Each structure stands twice: as C-alpha cells, then as structure tokens.
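Engineer: The structure that follows is given in the form of structure tokens.
The values are calculated or read from the model by the stated rules, or taken from the named source; none is laboratory data. Only a predicted model underlies this, so the values are computations on that prediction, with no experimental measurement involved. Backbone-built Cβ (ideal geometry, glycine too); neighbour counts: all protein chains shown. Note: accessible area is taken over every heavy atom of the protein model, side chains too, but ligands, DNA and RNA are not part of it. Shrake-Rupley method; radii C 1.70, N 1.55, O 1.52, S 1.80 Å.
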Amino acid sequence: MEEQKTIFDYLGQVMITFGFSVAVMNVLCLLVGEEAREVSTIYSLGKEGLSVATMLQFLVVAVCITGLRVLFFTDRIIRQMSITVRTVCMLSAVVVVIVIFTVLFGWFPVDMWESWAAFFLTFGLCFAGSLTVMHLKEKAENRKMEEALRRIKGTKGRKACDRYQECEGKESL
C-alpha cells in the first residue's frame, strides 16, 4: 500500500530535483560556460554561473518533472503499467518537456547536433547517477527492514518460547 503524500513531500521532491539540476548546470558553467556563452542562454553569464531567469526556468522544469513522477509512479492515475513501461514513459515525457523549454527559451541551438549530443550525454549521466542513488537507497532500506524483521522474529520467538515454558511449568505441577 502506498503511503499518503502531502504537498510538502511534493515540494521537497521539486527542491531536490531543482537543486540537483542547478548544481550540475553550475559545474557545466565552470567547465564550458565561456565557450557556450555565445550559443546558449543557459550559459549567458559564462563561468559566472546561471542567471536568475535560467534558474526560474529550471524550477518550472523541476515542477513538471515532479508532476510527471506523480503521474507515472502513483497508482492513483495509472493503475495497470509495469515499472519499466512507467520509467520509459516518464523519461520520454521529461525529454519532451526539456525540448519544449529548449525551443521556448533558446537553451541551445536546436539545429546543432553537438548541443543535442551534449544534452543527451548529460541527461544520460544524470539518469545513471540517480538510478545508482535510488539503488543504494533501496538497498539501505531493505537492510533496515530485514534487521527490523529479524528483531521482531526474535522478540516473538522469545515470547512464544516463554509462553511455552510457562505452559510446560503449569502442566508439570
């Protein structure tokens, strides 16, 4: 059963997505900002970082991505879909959102294959990184659950054993 989420859970997810994207983009500003300054509005400040307008655009993208996550990964809206199909659909929708923002805000020239290659490389690396983090988080949560289950079994096992011994003691009287 899925736990009930509040608006704060969604806002937290938006902020995590936004923070991660801004961090990655600032690193890219340091690495390629000066060279990309002339062709991309994202790098309009060069190595100085991201403009307020760009960060607000990224915030809207983070809201869209979180909305897509809710759409594809909660059973309230889509009930019969495997996790693989949900992931593929969500990734496709995220790419569509980014393409729309790229065209609307001139993030990079849409007719330059190098820009698209860099985008897909960065997107792929970020996706792989987030998959790794999710996998590690799941492993840690599974370990905690297994440990809790062992403790519960140990407690119930001792109680059952204590009850058995009490019964045995009463019968021998």
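Engineer: Calculate the spin-label point distance for Val85 paired with Ile100, positioning each point 7 Å from the Cα along the beta-carbon direction, and give it in nanometres.
Structural biologist: So the label points at Ile100 and Val85 sit 2.3 nm apart.
Engineer: Just the ratio, please: alpha-carbon radius of gyration of the chain over 2.2 N^0.38 Å, N its number of residues.
Structural biologist: Scaled against compact globular proteins, the figure is 1.59.
Engineer: Could you give the accessible area per residue of the chain, probe 1.4 Å, as a whole number in Å²? Numbers along the way, then the final one.
Structural biologist: Working: 12380 Å² over 173 residues.
Here the per-residue accessible area is 72 Å².
Engineer: Just to verify a number: FRET efficiency for Ile77 and His135, C-beta to C-beta distance, R0 = 25 Å, to 0.05? Show your work: numbers first, answer last.
Structural biologist: On the way: r = 25 Å, r/R0 = 1.01.
After rounding to 0.05, the efficiency reads 0.50.
Engineer: Determine, for each peptide in 70-80, 16-26, the mean count of other beta carbons within 10 angstrom over its residues, then list the peptides with the highest first. The partial results should precede the final answer.
Structural biologist: On the way: 70-80: 12.1, 16-26: 15.8.
The most tightly packed comes first, giving 16-26, 70-80.
Engineer: When the accessible area of the chain is split by element with a 1.4 Å probe, what percent falls to carbon and sulfur?
Structural biologist: Numbers: 8360 of 12380 Å².
After summing per-atom areas, the C and S share lands at 68 percent.
Engineer: Applying 1/(1 + (r/R0)^6) with R0 = 22 Å to the Cβ-Cβ distance of Leu56 and Asp111, what FRET efficiency is obtained, to the nearest 0.05?
Structural biologist: On the way: r = 26 Å, r/R0 = 1.17.
So the FRET efficiency works out to roughly 0.30.
Engineer: Same structure again: Show me the ranking of peptides 114-123, 85-94 by mean Cβ neighbours inside 10 Å, starting with the highest.
Structural biologist: Ranked from most to least packed, the peptides come out as 85-94, 114-123.
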